[in-house]
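Below you'll find the structure, written out as structure tokens, and then a few comments.
The values are calculated or read from the model by the stated rules, or taken from the named source; none is laboratory data. These numbers come from a predicted model, not from an experiment. So basically every Cβ, Gly included, is an ideal-geometry build from the backbone, and we count neighbours across all protein chains shown. Calculation scope for accessible area: heavy atoms of the full protein, side chains included, ligands and nucleic acids excluded. Shrake-Rupley method; radii C 1.70, N 1.55, O 1.52, S 1.80 Å.
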Amino acid sequence: MNVRNLFITAVRAIAKNKMRSSLTSVGIIIGVSSVIVMVGMGNSARVAVRDKITTFGTNAMSVFRPSRAFDGRDIENLRRIFHVKYISPLIYDTYIPVVFQNRNMLSRIYGVNNDYFQIKDMALQSGRYFSAEEVTALARVVIIGTTVWNEIFGNADPIGRTVLIKSVPFQVIGLLAEQGSAFSGRDFDNVLVMPYTTASTRIKNRKDFDELYIAAHNEGMVEETAEVVRQYFRRKHNLPPGAPDDFRVKTSIEQLKVAENISKTLTILLAGIALISLFVGGVGIMNIMLVSVSERTREIGIRMAIGAKRNDILLQFLIESVTLSSVGGAVGIALGMSIYYAIIYFLEWPFIMSFMSIIVSFLFSFAVGIFFGYYPARKAADLKPIDALRYE
Amino acid sequence: MENNIIDIKDLVKIYRLSDEVSVRALKGVSLTVRRGEFISIMGASGSGKSTFMNILGFLDTPTSGKYILDGIDGSSLSLNEKAEIRNKKIGFIFQGFNLLSRTSALENVELPLMYKGGVSPQQMRERAQKLLAMVGLAGREHHHPNKLSGGEQQRVAIARSLINEPAILLADEPTGNLDTKSSNEVMDIFTSLNREMGITIILVTHEPDIAEYSDRKVVFRDGLIIEDAPISKRKKAAVTGKSR
Ligand SMILES: Nc1ncnc2c1ncn2[C@@H]1O[C@H](COP(=O)(O)OP(=O)(O)OP(=O)(O)O)[C@@H](O)[C@H]1O
Ligand SMILES: [Mg+2]
């Protein structure tokens, strides 16, 4: 018998028991749709994390030191090294009150130089960056993030206005483009960016810096640059060979790798769970196929009596179980894509169409049909014609 | 071509029910059937008629003995070869019709052709339709077996058994579930198949009336043939009266 006729026979047999067939497919549908959702979420998470981290700039690294901080000499010395393209100090402080007219809120200050905007790839919506004079002259100028703009300016044009930061008047000279928020929920747009000189004398009253931000010339030079920076600080701190660093150089690539590893592990774990449900779905198919074979023993006998060969019967039942599992797989793919899309939509994560996961999960459900359908099909094919015919 | 289509010698069938209990259903049966013969098999219930027919039809295997069908030694055949012989050389008609219940009459008739392969769907349809018309079921092609009377179902089964132009028809109590009128219709069909197409027929029946349609009567008792004789006054009137 040719495959087309076998397929028609299989579809009819499935259609005869619509309820039973759909219930049987539920296992596969759940398995496949969870594979699709989980793989999709994993991919989206990876891209979302990458986007977050690359706002940091892929060429960039930060150096920080828990005990003793950096000073202006470090900036001067490092700037002379060929590898260092941009370098900015960071003076950081949180819970800083900012007031405009009758509105006020708490924000964070970033004391930096103009390089910082290059390193972090931060664009302005309006206004301008600091001038060199403003940095040396400790000018009271500030570039604000969009959250600050929303909260205390109510989205009115802030440029040229004066705000009070920790009771010190500052002139707003720029408005940052929207940055988004971190996974931790930290709002990158609730910031007040000012010259580091101003921040250290007028707000923090400390000369040293919390962190240094450095950019290499390109992504390929990040590792090398990080090593040069490391050697600079080891020498400066007189660390003997073998002693551990007393500071840390964090590259964005490194962070990216960590994030990718986490999401990869997560994907594998979730895909594993999904595979287990596919397996359970397969067992369901096997169960129903065994029932089907014993219900249709007489039919098998009739087919054998009029000339069906062992392989005809084997294929008939295999095609039936593969059809069950593949249709379940296709429905599962559609369902999974919808669920994935819905979740992504609410999380505002990027939607990533993975044809690979669609093809693999379809092939997998196909394979489940063969694997779990083979035993019942063989049972049917190995019946003796006369026993099958006499079966009541 | 050999003159004998069937050559059976010392056929024995023993059913093993357990280590101690076994049933000797056939105790050494020998029979030769000439091409074109119409044989009826009779005998009491349990005498081994169905067992014998199942072996003839390659549905079951004998415990010992020789069975040659159309020059082919049954003992040397693989399962697939047996399936092929069932498909091409043998037509079965059963007491219980054995049609696929949720499949139309037409598709039931086509089924052996599908297993044979190499025939286009249009050709299948044509041949099946022709056979259904021949057994008087034109216009009933798309009826399902449960919408047909017993006699009609048996005629569908006859059409199915003929579609691969078998050399021999094996019918195990084909009229056992039918009333007299339907029985006669079915027997008329058998007679004309035998006369006009030269198909060899072996038919099991309990009814002497039915046996009278055949040329030769073979009687079983306790797994042995106890009588094998030609039928002198064969029922011919019923057939020749009708032109088929
Ligand atoms: N599968 C089987 N297992 C065990 N014994 C069997 C089996 N089939 C038939 N028999 C036995 O073999 C003997 C012959 O049975 P068979 O069916 O051939 O009789 P029969 O002549 O066709 O009877 P009937 O006229 O009732 O159809 C009986 O004793 C029966 O009980
Ligand atoms: Mg019988």
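Any residue at all in segment B:178-188 that is more than 16 Å from ligand 2 (Cβ to nearest atom), touching a residue at least 60 places away in the same chain (Cβ under 8 Å) and under 15 Å from the mean Cα position of the chain (by Cα)? No; the residues of segment B:178-188 include none that is more than 16 Å from ligand 2 (Cβ to nearest atom), touching a residue at least 60 places away in the same chain (Cβ under 8 Å) and under 15 Å from the mean Cα position of the chain (by Cα). With respect to the conditions (1) at pLDDT 80 or above; (2) on the phi < 0 side of the Ramachandran plot, A:ARG50 falls short on a single one, namely (1).
The combined condition, being within 11 Å of another protein chain (Cβ to nearest Cβ), open to solvent by 40 Å² or more (accessible area, probe 1.4 Å) and either under 19 Å from the mean Cα position of the chain (by Cα) or among the acidic types (Asp, Glu) (or both), is not fulfilled by B:GLU110. Selection within segment B:192-214: residues that are assigned to a helix (DSSP H, G or I) and over 17 Å from B:ARG155 (Cβ atoms). The member of this set that is least open to solvent (accessible area, probe 1.4 Å) is B:ALA211. Residues that are surrounded by 13 or more Cβ atoms within 10 Å (Cβ to Cβ) and in contact with a Pro (Cβ under 7 Å, 6 or more places away or on another chain) number at least 2 in the following helices (runs of 4 or more DSSP H) confined to segment A:214-312: A:252-295, A:297-305.
Return a yes/no flag: does segment B:53-70 have any residue that is within 18 Å of the chain's Cα centre (by Cα), part of a strand (DSSP E or B) and under 20 Å from A:ALA305 (Cβ atoms). Yes. Can you find even one residue in segment A:99-106 that is over 30 Å from A:ARG234 (Cα atoms) and within 28 Å of the chain's Cα centre (by Cα)? Scanning segment A:99-106 turns up no residue that is over 30 Å from A:ARG234 (Cα atoms) and within 28 Å of the chain's Cα centre (by Cα).
Residues in segment A:335-359 that are more than 13 Å from A:MET38 (Cα to Cα) and surrounded by 15 or more Cβ atoms within 10 Å (Cβ to Cβ): A:TRP349 alone.
Would you check which residues across segment B:53-97 are polar (S, T, N, Q) and either more than 12 Å from chain A (Cβ to nearest Cβ) or more than 16 Å from ligand 2 (Cβ to nearest atom) (or both) and list them?
B:THR61, B:THR63, B:SER64, B:SER75, B:SER76, B:SER78, B:ASN80, B:ASN87
Number of residues in segment A:1-37 that are of a type in the set (A, V, I, L, M) and within 12 Å of another protein chain (Cβ to nearest Cβ): the value is 6. Meeting the requirement of 1 or more residues that are surrounded by fewer than 13 Cβ atoms within 10 Å (Cβ to Cβ) and either touching a Pro at 6+ places or on another chain (Cβ under 8 Å) or of a type in the set (A, V, I, L, M, F, W, C) (or both), the helices (runs of 4 or more DSSP H) wholly within segment A:94-186 are A:132-136. When the residues of segment B:30-45 are filtered to those that are open to solvent by less than 20 Å² (accessible area, probe 1.4 Å) and away from ligand 1 (no atom under 11 Å from the Cβ), which remaining residue is farthest from the chain's Cα centre (by Cα)? Ranking the qualifying residues of segment B:30-45, first place goes to B:LEU31. Being more than 13 Å from the chain's Cα centre (by Cα), more than 10 Å from chain A (Cβ to nearest Cβ) and within 16 Å of ligand 1 (Cβ to nearest atom) is a property that holds for B:GLY48. Taken as a whole, the structure leaves B:TYR115 outside the set of residues that are closer than 19 Å to B:LEU26 by Cβ and either touching a Lys or Arg at 6+ places or on another chain (Cβ under 8 Å) or more than 9 Å from chain A (Cβ to nearest Cβ) (or both). Screening B:ASP19 on (1) more than 16 Å from ligand 1 (Cβ to nearest atom); (2) more than 23 Å from B:VAL218 (Cα to Cα) shows it passes everything except condition (1). Cβ-Cβ contacts under 8 Å between residues 6 or more apart (or on different chains), taken from a first residue in segment B:129-140 that is farther than 15 Å from B:GLN153 by Cβ to a second residue that is open to solvent by 30 Å² or more (accessible area, probe 1.4 Å) and not in a loop (DSSP other than H, G, I, E, B), are listed as B:ALA138/B:GLN129.
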